[in-house]
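See structure below.
The values are calculated or read from the model by the stated rules, or taken from the named source; none is laboratory data. As the structure is a computational prediction, the values presented were derived from the model and not from experiment. When we count neighbours, we look across all protein chains shown, and the Cβ atoms used for this are built from the backbone with ideal geometry, even at glycine. Surface accessibility is based on the protein's heavy atoms, side chains included, excluding ligands, DNA and RNA. Shrake-Rupley method; radii C 1.70, N 1.55, O 1.52, S 1.80 Å.
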Amino acid sequence: MLVSAKEMLTKAKAGKYAVGQFNINNLEWTKAILQTAQELNSPVILGVSEGAGKYMCGYKTVVGMVNGMLEELNITVPVALHLDHGSFEGAKACINAGFSSIMFDGSHYPIEENIQKTTELVHTCNILGLSLEAEVGSIGGEEDGVVGAGECADPDECKAVADLGVTMLAAGIGNIHGKYPENWAGLSFETLDAIQAKTGDMPLVLHGGTGIPEDMIKKAISLGVAKINVNTECQLSFQEATRKYIEAGKDLEGKGFDPRKLLAPGAEAIKATVKEKMELFGSVGKA
Ligand code: 13P
């Protein structure tokens, strides 16, 4: 059964580790992530962007697929199905479809409007027992075609949004989705420290988990980050493994084209990436 992310993140914040959010794009990715979480006895959050939701034939299809896998694969570790960077309308659609966790990204609205829309969703999610992630200060990089520059959130605005009763807070601290540019200034630990001082026990979320060096990840966890999002690194490992398979001509062996064989090396590569991240984040054995 899908669970809200609240309990796993409260435990992670208290235990000074982070739960990974791994974005899913199809059946193979979802299966690979769930199997790895079960094997490592780790809680896990499956992230679904609005674009990925459309690709996978809508939010109801995603909920049906994930619920089916939990049962068929005998998954017993805590799993949250989470909308990633949702619009206000997307958030409502995922709530109706049966997601167990929602991110409303109101960071591009003026703070008053972000607060007003987040408040409405806090109310709905509380009634239904869903977890809610809010964002203050936009995360840089490209997400579903939208490009933003890495910002540092205002700690007072973070406190105002945290006080609305959200479950977790994504705050920009110079992080970027996708590959980091060579001249990237790194994470602003000063900002993170100030945000944690103002928001106390609130689990903080670090987006753009792909290109952040290990020492910065560990320091961010020590400063209150309890959820780390990873997408691009799974995409890259999937692509690389598939490319190698095709270049070796293996897709032409045997009885010819077989999508199950073609996608298998990519799925194995995703398992390896997820394992590496769960070990780095410290969530192994914490289910
Ligand atoms: P990356 O693509 O950089 O791993 O970031 C993922 C993310 O933050 C999704 O919200």
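Excluding residue 159 itself, what net charge comes from residues whose Cβ is under 13 Å from its Cβ, given Lys and Arg +1 and Asp and Glu -1? Walk me through the numbers before you get to the answer.
On the way: positive: 198; negative: 154, 156, 157, 163, 201.
Once all neighbours under 13 Å are counted, the net charge is -4.
Among beta bridges identified by DSSP and lying wholly in the chain, the antiparallel ones come to about 10 percent. For the range 183-196, 3J(HN,Hα) computed residue by residue from phi via the Karplus equation (6.51, -1.76, 1.60; θ = phi - 60°) reads 8, 4, 7, x, 6, 8, 5, 4, 5, 4, 4, 5, 5, 5 Hz, glycine and proline entered as x. Ranking 34, 236, 40 from most to least accessible surface, computed with a 1.4 Å probe over the protein chains only, gives 236, 40, 34. Counting only protein heavy atoms and using a 1.4 Å probe, the accessible area of residue 214 comes to about 110 Å².
Hey, what number do you get for the chain at 222 nm if only DSSP H runs of n ≥ 4 count, each worth -39500 (n - 2.57), divided across all residues, to the nearest 500? All intermediate terms of the calculation are to be shown ahead of the outcome.
Numbers: 11 runs with 138 residues, N = 287.
Mean residue ellipticity, 222 nm, calculated: -15000 deg cm²/dmol.
Taking a ≥ b ≥ c as the square roots of the eigenvalues of the alpha-carbon gyration tensor, the range 83-240 is classed oblate because a/c is 1.5 or more while a/b is no larger than b/c.
Let me check something: with ligands and nucleic acids excluded, how do 17, 109, 245 order by accessible area (1.4 Å probe), largest to smallest? Show your work: numbers first, answer last.
Working: 17 15, 109 65, 245 35 Å².
Ranked from most to least accessible, the order is 109, 245, 17.
Evaluating 6.51 cos²θ - 1.76 cosθ + 1.60 at θ = phi - 60° for every residue in the range 33-43, the Karplus couplings come out as 5, 5, 5, 5, 4, 5, 4, 9, 6, 10, x Hz, glycine and proline recorded as x. Short-range pairs are left out: with C-alpha atoms under 8 Å and at least six residues apart, the relative contact order of the range 147-287 is 20 percent. Each of 184, 29 has its accessible area taken with a 1.4 Å probe; listed largest first, they run 184, 29. Projected over every direction and averaged, the convex hull enclosing the alpha-carbon atoms of the range 15-124 yields 7.6 nm².
Placing +1 on the Cβ of every Lys and Arg and -1 on the Cβ of every Asp and Glu, with nothing else charged, gives the range 126-219 a dipole about its Cα centre of roughly 200 debye. Using alpha carbons only, how many degrees (0 to 90, rounded to 10) separate the axis of helix 111-128 from the longest principal axis of the chain? Helix 111-128 sits roughly 60 degrees off the main axis of the chain. Distance from the C-alpha centroid of the range 17-57 to that of the range 187-211: 23 Å, rounded to the whole angstrom. Each residue was assigned an accessible area with a 1.4 Å probe, and for residue 63 the value is about 10 Å². Of all beta bridges that DSSP places with both ends in the range 106-254, some 30 percent have antiparallel geometry.
Other residues lying with their Cβ under 11 Å from the Cβ of residue 117 contribute a combined charge of -4, Lys and Arg counting +1, Asp and Glu -1. Relative contact order of the range 29-154, taken over Cα pairs closer than 8 Å and 6 or more residues apart, is 19 percent.
Indicate, rounded to the nearest 5 percent, the antiparallel portion of the DSSP beta bridges found entirely in the range 1-103. Please report the intermediate quantities before stating the final value.
Details: 0 of 11 bridges.
The antiparallel proportion sits near 0 percent.
Here the Gaussian network model covers the chain, with springs between Cα atoms less than 10 Å apart; of 204, 262, 81, 262 fluctuates the most.
The long axis of helix 88-97 is offset from the longest Cα principal axis of the chain by roughly 60 degrees. Within the listed set 183, 126, 23, the residue fluctuating most in the Gaussian network model of the chain (springs between alpha-carbon atoms under 10 angstrom) is 183. Highest GNM mean-square fluctuation, the chain, Cα pairs closer than 10 Å: which of 101, 237, 42? Its mean-square fluctuation being the largest, the pick is 237.
Between the Cα long axis of helix 6-15 and the first principal axis of the chain there is an angle of about 80°, rounded to the nearest 10. Coupling constants for the range 271-287 follow from the phi torsions by the Karplus curve (6.51 cos²θ - 1.76 cosθ + 1.60, θ = phi - 60°), and in residue order they are 4, 5, 5, 5, 4, 4, 5, 5, 5, 5, 6, x, 8, 4, x, 9, 6 Hz; glycine and proline get x.
Taking all protein chains as shown and a probe of 1.4 angstrom, residue 108 keeps an accessible surface of around 130 Å².
Where does the chain land on Rg/Rh, using Cα atoms and the Kirkwood Rh?
Working: Rg = 18.3 Å, Rh = 19.0 Å.
Rounded to two decimals, Rg/Rh equals 0.97.
Amide H to amide H, with H built 1.01 Å from N, residue 3 comes under 5 Å of 79, 80, 81, counting only residues 5 or more places away or on other chains.
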